[in-house]
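Notes follow the structure.
The values are calculated or read from the model by the stated rules, or taken from the named source; none is laboratory data. Values in this document were obtained by computation on a predicted structure and should not be read as measured data. So basically every Cβ, Gly included, is an ideal-geometry build from the backbone, and we count neighbours across all protein chains shown. Surface areas here come from the heavy atoms of the whole protein model, side chains and all, with no ligands, DNA or RNA. Shrake-Rupley method; radii C 1.70, N 1.55, O 1.52, S 1.80 Å.
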Amino acid sequence: MPEKFDCIVVGAGPAGTACAYELAKAGVNVLLLERGEYPGAKNVMGGVLYRKMMEDIIPEFYKEAPLERPIVEQRFMMMDKESAVTFSYKGLEWGREPYNNFTVLRAKFDQWFAEKAVEQGALLVCETVAVECIVENGRVVGVRTDRPDGDIYADVVVLADGVNSLLAKQLGFHREWRPDEVALATMEILKLDKNIIEDRFNLEPNQGCTIEIFGDATKGIVGTGFLYTNKDTLSIGVGTLLSGLIKHKMKPYELLEYVKNHPMIRPYIQGSEPVEYLAHLIPEGGYHSIPKVAGHGVLVVGDAAQLVNAIHREGSNMAMTSGRLAAETIIMAKAQNDFSESMLDQYRMKLMESFIGQDLKKYKDATHHFERFPQYFEQYIPMMNRAASQMFTVDGASKWEKQQKIWRDLGSAKQKFKLARDMMKAWKVMK
Amino acid sequence: MMKAQTIEEKQYLVRFNADTKSHLHVLDPNICLTKCPDKICTIFCPASVYKWEEVRMHVGYEGCHECGSCRIGCPYENIQWEYPRGGYGIVFRLG
Ligand SMILES: Cc1cc2nc3c(=O)[nH]c(=O)nc-3n(C[C@H](O)[C@H](O)[C@H](O)COP(=O)(O)OP(=O)(O)OC[C@H]3O[C@@H](n4cnc5c(N)ncnc54)[C@H](O)[C@@H]3O)c2cc1C
Ligand code: SF4
Ligand code: SF4
């Protein structure tokens, strides 16, 4: 007699664990499968976890979860070779309840979160790969695992298997991702004394800072670099569309070295000790790449459904909320004992009505716009740096002369027209 | 000078629990030889798993981060890509 559950969730990342937690809490008999040695063993994130979406699941989680630092300052650097224009917001309201967001290290956080789901009654089984969905008469009825006698059955299967969702692909919910639908990120964790971190980033104990780096961090390719403060480590990384790396024939770890050694970045990390190196994909296809997310007996959540807002580096929060919405739908389906696609499709509707659908729709053309027109990263960020340098350098030239120079730097009338048009277009894809 | 500059040094920071058999297979080395002048997977792979050896591809699967880039980025879909068996492969301790 094969094992049967109400629900099998594949993948114990934020999406799968959120779903399993909510289901278990409602008394649903749920199995949470994870291929890693422990939840988090395969997972990578720069590290910003958003308080709101986590609190929708576990109120006041920050009183016990393994968090690094609450973020009180967010900086955005438009970086050129030897300069940067930086924009920042620091607010102490972010440093106290209810908080805005926190840095986390995923191997620790994911384990903690999965334990919470277990406390609610979910069964967590690690070191097990779901190799395919078992499909009978057009419905998903379970998963085949790589364990001996590894077929497991359920009324409904939730695919929370991340960006490399081989299972959703197997079901034909999407074709293989294109290289311009995923970003490859590499990152290092750097050990550094906590007092030094606080001095360098202008922080009090238990305050954190994030820096997003545009422009020269990716040598003009569409992507970003980041530098985040943890308790006694820093997370530094860089991600670009895979298509960009291919086009420019660039080795991702050499780009990471370039960022680490950049004169605008090096002083922050000097003297630190690298303790881990990590690589992972981020789904960045956005709205147009969202696959089919509901079928007979199956739902797709989190990165597996391309739910990432690359412009605002939000992924873990969308993962959690999508997991929670999937759970709500399953609880409803169970009450009516109906796991058909038309029933489960309510999940897609909830998803599209939530901030996830709204935000992804808002930025639906943004990544592709910046990828198609490389001048934003290659030309306009350096231009902005030259303008700032010109304006703030006191060299005896009048401010009027300086404005003239900046104006000339924008190029011929034709180039200025192009610039104005590009700014309009950028505004349109971002607004 | 920053430490861990080369990919070998970076890989040394990572814990791997390698299986005895590979989860990555280059299907047809002839395609690599004749159609893929840049051997592009040897460039974008973040762990330098692929190394071209004159007529064949050496696949150092033991150091794979399981990121999926080669499956998506090989222009000829010439890489058969699976997850390592449960519990095997890369083990992140922090990130
Ligand atoms: C470098 C980097 C920086 C990022 N920074 C941020 C950030 O600052 N803030 C933010 O919100 N988001 C960030 N993200 C995005 C965020 O990490 C993801 O959106 C989020 O982790 C998605 O959660 P998930 O549960 O859908 O997928 P994952 O976290 O990838 O979890 C999937 C899980 O499924 C398991 N699994 C996969 N296949 C199988 C299978 N067949 N059988 C069993 N188990 C399986 C995996 O081992 C894994 O545990 C970043 C991502 C990267 C790579
Ligand atoms: S990218 Fe594909 S075709 Fe090119 S060398 Fe690698 S495996 Fe061969
Ligand atoms: S999955 Fe990523 S790390 Fe592994 S071989 Fe492919 S590109 Fe390299």
| Subset of A:Lys63/A:Lys194; A:Lys364/A:Lys399; A:Lys52/A:Lys428; A:Lys169/A:Lys231 violating a 31 Å alpha-carbon distance limit | A:Lys364/A:Lys399; A:Lys169/A:Lys231
| On average, how much accessible surface per residue is there in region B:22-89, in Å², for a 1.4 Å probe, leaving out ligands, DNA and RNA? | 44 Å²
| said: Given points 7 Å out from each Cα along the Cα-Cβ axis, report the B:Tyr12 to A:Asp422 separation in nanometres with one decimal. | reply: 4.3 nm
| field | Of the DSSP H helices in chain A, those whose Cα atoms cover at least 18 Å axially and whose Kyte score averages -1.0 or more | value | A:316-335, A:413-430
| request: Take the alpha-carbon centre of region A:209-272, take the same for region A:328-387, and report the distance between them in whole Å. | output: 25 Å
| request: Report the accessible surface area buried between chains B and A, summing both sides, using a 1.4 Å probe on protein heavy atoms only, in Å² rounded to the nearest 100. | output: 4100 Å²
| Roughly how many Å is it from the Cα centre of region A:4-74 to that of region A:388-412, as a whole number? | 52 Å
| remark: Taking B:46-59, A:70-83 and ranking on average Cβ neighbours within 10 Å, highest first, one gets A:70-83, B:46-59
| query | For chain A, what log10 I(q)/I(0) values come out of the Debye formula at q = 0.08, 0.12 1/Å, with one point per alpha carbon and no solvent? | reply | -0.48, -1.00
| Rounded percent of accessible protein surface that carbon and sulfur make up, region A:186-283, 1.4 Å probe | 50 percent
| request: Report, in deg cm²/dmol and to the nearest 500, the calculated mean residue ellipticity at 222 nm for the protein assembly as shown, where each DSSP H run with n ≥ 4 adds -39500 (n - 2.57) and the sum is divided by the residue count. | output: -9000 deg cm²/dmol
| Which FRET efficiency value, to the nearest 0.05, is calculated for B:Lys21 and B:Glu77 with the Förster distance at 22 angstrom and r the Cβ-Cβ distance? | 0.55
| request: Would you tell me the mean number of C-beta atoms belonging to other protein chains that fall within 10 Å of each C-beta in A:235-245, as a whole number? | output: 2
| field | Per-residue mean of C-beta atoms belonging to partner chains within 10 Å, peptide A:320-329 | value | 0
| note | In nanometres, the difference between 0.36 nm per residue of separation and the alpha-carbon distance of A:Lys249 and A:Lys405 is 52.6 nm
| message | Suppose we take every Cα in region A:367-430 and form the convex hull; what volume per residue is that in Å³? | response | 87 Å³
| request: Using the structure shown, list the pairs from A:Lys219/A:Lys247; A:Lys81/A:Lys219; A:Lys249/B:Lys35 with a Cα-Cα distance above 19 Å, or answer none. | output: none
| query | Mean separation of Cα pairs under 8 Å and 6+ residues apart, divided by the residue count of region A:186-283: what relative contact order is that in percent? | reply | 38 percent
| note | Partner shielding of A:33-43, as the mean number of partner chain Cβ atoms within 10 Å, equals 5
| task | Rounded to the nearest 0.05, what FRET efficiency do A:Asp56 and B:Arg56 give with R0 = 56 Å and r taken as the Cβ-Cβ distance? Could you check? | result | 0.60
| said: What whole-number distance in Å separates the alpha-carbon centres of region B:52-95 and region A:290-323? | reply: 24 Å
| remark: Length gained, A:Met430-A:Asp345, 0.36 nm per residue minus C-alpha separation, equals 27.7 nm
| field | Nearby aspartates and glutamates by direct alpha-carbon distance to A:Lys25 (threshold 14 angstrom, same-chain neighbours under 8 apart not counted) | value | A:Asp6, A:Asp56, A:Glu115, A:Glu119, A:Glu328
| said: Show me the ranking of peptides A:260-267, B:64-71 by mean Cβ neighbours inside 10 Å, starting with the highest. | reply: B:64-71, A:260-267
| field | All aspartates and glutamates inside 17 Å of A:Lys431 as judged from Cα atoms, apart from same-chain residues fewer than 8 positions distant | value | A:Asp359, A:Asp365, A:Asp422
| Segment A:Arg144-A:Asp395, length gained on full extension (0.36 nm per residue, minus Cα span) | 83.2 nm
